[in-house]
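Throughout, read-outs are computed from the coordinates displayed, never taken from laboratory work. As the structure is a computational prediction, the values presented were derived from the model and not from experiment. Neighbour counts are summed over all protein chains in view; Cβ atoms, including those assigned to glycine, are modelled from backbone coordinates with ideal geometry.
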């Protein structure tokens, strides 16, 4: 390799965080166009993981490195959400995070996961929810989560639990949502209020507050809900359950020992 090409690959590797995916548009922004990218593949500098997506040769790139590319290079709103976000922050120690487990991702209703992400074996099961239940033009309750040489956007505990409530009962259970809420003793009441005001899912808002008041955490007493619209009419999570008259929601009967 001549000195100019060596300098180019060195610059690329310096700009490319270890453990992350690079999409072709980002490589092109670094001056690495298709022909040069092809020569880097032949020279064992980079590996193709799918159409228009690459990783550094000899390195492993997991789903977080792929999410980094989607967020920073493709500018997608996709983020780690729900139980996955809680697990990454240590709030759900019993949530399995190893190989083969489900990773929860939320994004805008107009966005799809890239084909290269959907086709590649990340050793996990992605569950993607494209929804506008929170304002996609805002980033309320999203936080940076550092992972070595890079960081990704994930839901704060406040937003993550609201996402869990949104997924009940189709993807998550009422019982697990309750267990997760039990451990969230230090949520920020102001952020909770903003998220509830912004939330378009009446069921998620009502269930969140039902679980919060059931636990009686100190932050619940600080909540100002005057401007939160909880909608009208009843909502039902389970066909046979108990009725919370305050939040007009039917929830499953708690199992013995929970």
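Determine the relative contact order of the stretch 3-56: mean sequence separation of Cα pairs under 8 Å and six or more apart, normalised by residue count, in whole percent.
Working: 36 pairs, mean separation 20.4, N = 54.
Contact order relative to length: 38 percent.
Ranking request for peptides 52-60, 9-17: highest mean number of other beta-carbon atoms within 10 Å first, then the rest in descending order. Don't skip to the end; give the middle numbers.
Working: 52-60: 17.2, 9-17: 14.6.
For the peptides 52-60, 9-17, the packing ranking is 52-60, 9-17.
Could the peptides 186-199, 233-246 be put in order, highest first, of the mean number of other beta-carbon atoms found within 10 Å of their residues?
On the way: 186-199: 18.3, 233-246: 12.6.
Going from most to least packed, we get 186-199, 233-246.
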Worksheet, complete the sentence: A student applying the Cα gyration tensor rule (rounded when a/c is under 1.5; otherwise prolate if a/b is larger than b/c, oblate if not) would label the stretch 197-258 oblate
Response to the item:
Quick shape check on the stretch 81-199: root eigenvalues a ≥ b ≥ c of the Cα gyration tensor, a/c under 1.5 is rounded, otherwise prolate if a/b tops b/c, else oblate, and it reads rounded
Item to complete: Label the stretch 3-56 by shape, choosing from rounded, prolate and oblate, from the square roots a ≥ b ≥ c of the eigenvalues of the Cα gyration tensor; if a/c is under 1.5 it is rounded, and otherwise prolate applies when a/b is larger than b/c, oblate when it is not.
Response: rounded
Item to complete: Quick one: compute the contact order of the stretch 63-252, relative version, from alpha carbon pairs under 8 angstrom and 6+ residues apart, as a percent.
Response: 18
Item to complete: Sort out for me the Cα centre separation of the stretch 140-160 from the stretch 167-185, rounded to whole Å.
Response: 20
Item to complete: Return one number: the angle in degrees, 0 to 90 and rounded to the nearest 10, between the long axis of the Cα atoms of helix 189-198 and the longest principal axis of the Cα atoms of the chain.
Response: 80
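Ranked highest first by average number of other Cβ atoms within 10 Å, how do 79-91, 167-179, 203-215 line up? List each step's numbers first, then the result.
Working: 79-91: 23.5, 167-179: 17.2, 203-215: 21.4.
The peptides rank, most packed first, as 79-91, 203-215, 167-179.
Quick check: residue separation of residue 229 and residue 28 times 0.36 nm, minus the Cα distance between them. What number comes out in nm?
Numbers: separation 201, 0.36 × 201 = 72.36 nm, distance 4.69 nm.
Separation in residues times 0.36 nm, less the Cα-Cα distance, equals 67.7 nm.
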Worksheet, complete the sentence: Within the chain, the percent of DSSP beta bridges that are antiparallel, given to the nearest 5, stands at 70
Practice prompt. Per DSSP H run of at least 4 residues, take -39500 (n - 2.57); add these up for the chain, divide by its residues and hand me the 222 nm value, nearest 500 deg cm²/dmol.
Written response: -10500 deg cm²/dmol
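Please order 104, 220 by the number of other Cβ within 10 Å, starting at the fewest.
Values: 104 26, 220 16.
Sorted ascending by nearby Cβ count, the order is 220, 104.
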